[in-house]
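The block underneath contains the structure these notes are about, expressed in structure tokens.
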Amino acid sequence: MNNIETALPSAARDWALFLDIDGTLLDIAPTPEAVEVPSDLAARLEAASAWLGGALAVVSGRSLASIDQLLLPLKLPCAAEHGAVLRLPDGMLHHTAPGALPDHWADRIRTAAAAWPGVLIDAKSHGLALHYRLAPEREQDVRRLLNELIREEPDFEILPAKMALELRRRGLHKGAAVRAFMAVSPFAGRRPVFVGDDVTDEDGFAAARDHGGLALSVLDIFGGAPSQVRAWLRRFRD
């Protein structure tokens with residue numbers, strides 16, 4: 001066992017565990033579709049969820065369909081699109097956002113991205129992300145475009161991510177998702193533990209701390225390695 005694994009917090013049965021995906025469970029890839037999913041990831045998550053009595057949820061900026069595809073055959077409790085879509089432990093879906101982006105924004109974004117090779121559009125039901133990992137020189141162009149859009153609609157904000165910028169409605173964030181889960185069984189009454197890797201997870205960290213729980217940064221606690229997070233999940237079993 002390496003030094004990182006020995007220093008990690010021990011799992012406890014009274015935890016409610018919240019896990020980001022990209023940069024946390026999976027290594028960042030050049031595009032969202034190019035991530036590599038270890039063959040045993042679903043089994044590890046299923047075992048951890050069972051050990052915690054079902055109090056394990058995925059909290060991600062990805063769409064619900066994308067999350068389910070990555071974690072086949074599991075359908076865990078989820079907060080997709082930073083909490084815009086919740087799948088509660090009973091399987092019911094709850095949309096916390098009032099609707100999609102303004103229609104005319106999509107046309108402007110598609111036109112701009114078509115002129116920026118390497119800038120990828122990640123459209124979602126309640127938002128949109130522009131990835132520039134393949135064209136880092138376009139960061140300022142992407143930022144300028146999104147800033148122009150939110151000046152028209154102050155209900156939206158720009159969320160920075162790793163080599164991407166995302167549009168979302170204000171008030172939709174991973175912290176609100178954590179609070180929603182903590183109000184229902186089997187999460188209620190437990191100690192929340194949120195594991196994430198970047199600024200999109202800060203609200204989740206804050207919500208976990210507010211409930212007397214733990215905020216575990218992949219960079220600070222797991223050496224920046226999703227493989228260490230996956231190894232740590234082995235502790236959630238008999």
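Data table
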{"item": "Meets criteria (acidic (Asp, Glu), in a helix (DSSP H, G or I) and not assigned by TED's automatic domain parsing to the domain that holds Gly54) for Glu157", "result": "no"}
{"item": "Candidates Ile28, Ile67, filtered to the one that is assigned to a loop (DSSP other than H, G, I, E, B) and under 26 Å from Met163 (Cα atoms)", "result": "Ile28"}
{"item": "Pick from segment 98-130, criterion in a loop (DSSP other than H, G, I, E, B) and in contact with a Ser or Thr (Cβ under 8 Å, 6 or more places away or on another chain), ranking: surrounded by the most Cβ atoms within 10 Å (Cβ to Cβ)", "result": "Lys124"}
{"item": "Which listed residue is outside the structural domain of Ala164 (by TED's automatic domain parsing), in contact with a Pro (Cβ under 8 Å, 6 or more places away or on another chain) and among the small types (Gly, Ala, Ser), from Gly204, Gly213, Gly224", "result": "Gly213"}
{"item": "Filtered residue count, segment 31-55, keeping only those that are within 16 Å of Leu72 (Cα to Cα) and not in a helix (DSSP H, G or I)", "result": "6"}
{"item": "Residue in segment 178-237 that is surrounded by the fewest Cβ atoms within 10 Å (Cβ to Cβ), counting only those that are closer than 23 Å to Leu41 by Cβ and among the hydroxyl-bearing types (Ser, Thr, Tyr)", "result": "Ser227"}
{"item": "Cβ pairs under 8 Å, 6+ apart, first in segment 199-214 and farther than 11 Å from Lys174 by Cβ, second at pLDDT below 95 and aliphatic (A, V, I, L, M)", "result": "none"}
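The values are calculated or read from the model by the stated rules, or taken from the named source; none is laboratory data. Predicted model only: the values in this text are computed from it and were never measured. With ideal geometry, Cβ positions are generated from the backbone for all residues, glycine too; neighbour counts draw on all protein chains shown.
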